[in-house]
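The structure under discussion appears below in the form of structure tokens.
The values are calculated or read from the model by the stated rules, or taken from the named source; none is laboratory data. Not measured: the values here are computed from a predicted model. FYI the Cβ positions are ideal-geometry reconstructions off the backbone, even for glycines, and counts take in every protein chain you see. To get the accessible areas, we keep the full protein, side chains included, count just its heavy atoms, and leave off ligands, DNA and RNA. Shrake-Rupley method; radii C 1.70, N 1.55, O 1.52, S 1.80 Å.
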Amino acid sequence: MEQTIPVTNKNATPATKVYPKSIIAALALLGELVIIIFKPGGQYDEALAVASTVLVITFIATGKTTKYDQNTILLLAIIASIGILGNLVYDINKSYFSVMVDILTQIKPFVIFFALRYFLTTKERKTVIDYLTPIAKLFMIAAFIFCVLNQFKSSTAPGGFRYGIRIFQFFYIFNHYYIASALFFFGIIVCNNRINEKLKRFYIIIGCIAIIGALKSLAIISVGTFVFLMLYYKKYERITFKVIIPLLLLIVLLSRFQINAYILNTTSPRRIFIDYAIKNANEHFPLGSGFGTFGSAEAAKHYSALYIKYHFERFWGMSQGDKKFLHDNYWQTILGQFGWIGFPFFVYFYYRLFKTSYDPNSKSYERAICNGIFLGMMVFALGSASITSDPGVICFAALALFSEPEEKFGKNNKRIRIKF
């Protein structure tokens, strides 16, 4: 079922077709992008996750998913089973409802990714990009203008300063919500083949400046990786081992502030979570302590028994009366809750997800923005739980829009090749 809007000018760009599913997807994504401006941390993404879980199960049951993605989803189910087994064995989180909420929280960006991927055909996916492009253009132009003007304000800044530069967060309450939205709209423009190359280069330049202005690791690493790989992909078809090393070095260089502040600083909440995640994984070897017990939103909300055991009340921002840093982590949560068995499974899960999170046959900047968003999220997760909140939903939804399933490319797959 489709309608075509007529084009009177023969030289004009072909009209965008109207697909009901494209409209539904575009409105659902816009709902998420609008809600985080006015009411971040609401239940809208949870509702999307529930609907997406039903869709994913349906797509698997009806054979619509590729074998590769089926195996990736199965791996996620195995990881969830390890967490549930940890709950049953150690019985730290005694609330079944809390466990279920945390299960949904941990898997929601992934089920939304797979649901969106198989809900839309390739044409419908590109149509969603077409629908959102005008909004994306307005967003990036406005963000660029206000990012520049932001540097000429008074000496006080709600977001503070970094590297002597005023942090930009547009009109968002939280900086990382702006970054996720900006990356989403930036990717919409980059991956729209209807925009001519000259105009696209203009948007790439102003978009990079507007996103970098946020001065957070997600912004810096995503844009830095995007620029690096955009130039790399113009010469080479796929990621090989010889580029992985300089790429990792670039990421470390761009992450030096986070490394110094979050990892090397032994008194920082993120470092404390690293130390106690290892302790927790060792004490609850090999399963981990289970869902809603360590580092997660549910563990913070109900002040996990492990925090009492480990005397977290001694640390600033980690007590029952002051919980502001109790959810500023992600990888630490994975190690603590899923243990030494679940953690490597999760790393392998992300490797499989990365392989299929971009279209190897697309243009250099289209592949580069997908890789940039993905790797930016992975590093940002050292000091933030954004993957399991609205920014993670937005970024993984973007990757679903900008990529194709692995097996659509057959034996000539050009995604990743480890070659010395």
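Has the range 159-168 got at least one residue that is open to solvent by 60 Å² or more (accessible area, probe 1.4 Å), assigned to a loop (DSSP other than H, G, I, E, B), free of Cβ contacts under 8 Å to residues at least 12 places away in the same chain and hydrophobic (A, V, I, L, M, F, W, C)? There is no residue in the range 159-168 that is open to solvent by 60 Å² or more (accessible area, probe 1.4 Å), assigned to a loop (DSSP other than H, G, I, E, B), free of Cβ contacts under 8 Å to residues at least 12 places away in the same chain and hydrophobic (A, V, I, L, M, F, W, C). Given the condition under 23 Å from ALA80 (Cβ atoms) and over 11 Å from the mean Cα position of the chain (by Cα), answer yes or no: does some residue in the range 358-380 qualify? For the range 358-380, residues under 23 Å from ALA80 (Cβ atoms) and over 11 Å from the mean Cα position of the chain (by Cα): absent.
Looking at GLY295, GLY342, GLY336, GLY372, just one residue is touching a helix residue (DSSP H, G or I) at 6+ places or on another chain (Cβ under 6 Å) and on the phi > 0 side of the Ramachandran plot, and that residue is GLY295. Just to be sure, is LEU264 at pLDDT below 95 and closer than 16 Å to PHE346 by Cβ? In short, no. For PRO109, the conditions (1) surrounded by fewer than 18 Cβ atoms within 10 Å (Cβ to Cβ); (2) at pLDDT 95 or above are fulfilled apart from (1). Surrounded by fewer than 23 Cβ atoms within 10 Å (Cβ to Cβ), modelled with pLDDT of 90 or more and assigned to a helix (DSSP H, G or I) - does that describe any residue in the range 381-399? Checking the range 381-399: not a single residue is surrounded by fewer than 23 Cβ atoms within 10 Å (Cβ to Cβ), modelled with pLDDT of 90 or more and assigned to a helix (DSSP H, G or I). Of the residues in the range 202-215, at least one is in contact with a Cys (Cβ under 7 Å, 6 or more places away or on another chain) and crowded, with 21+ Cβ neighbours inside 10 Å. When restricted to residues that are surrounded by 13 or more Cβ atoms within 10 Å (Cβ to Cβ) and either touching a residue at least 40 places away in the same chain (Cβ under 8 Å) or in contact with a Cys (Cβ under 6 Å, 6 or more places away or on another chain) (or both), the range 233-246 contains 5. Can you go through LYS309, LYS324 and tell me which one is without any contact (Cβ under 8 Å) to a residue 12 or more places away in the chain and closer than 22 Å to TYR96 by Cα? Only one candidate passes the filter, namely LYS309. Filtering the range 212-243 to residues that are of a type in the set (A, V, I, L, M, F, W, C), within 19 Å of TYR351 (Cβ to Cβ) and at pLDDT 80 or above leaves ILE221, LEU229. Regarding the range 48-56, can at least one residue be identified that is in a helix (DSSP H, G or I), of a type in the set (Ser, Thr, Tyr) and surrounded by fewer than 16 Cβ atoms within 10 Å (Cβ to Cβ)? Checked the range 48-56: no residue is in a helix (DSSP H, G or I), of a type in the set (Ser, Thr, Tyr) and surrounded by fewer than 16 Cβ atoms within 10 Å (Cβ to Cβ).
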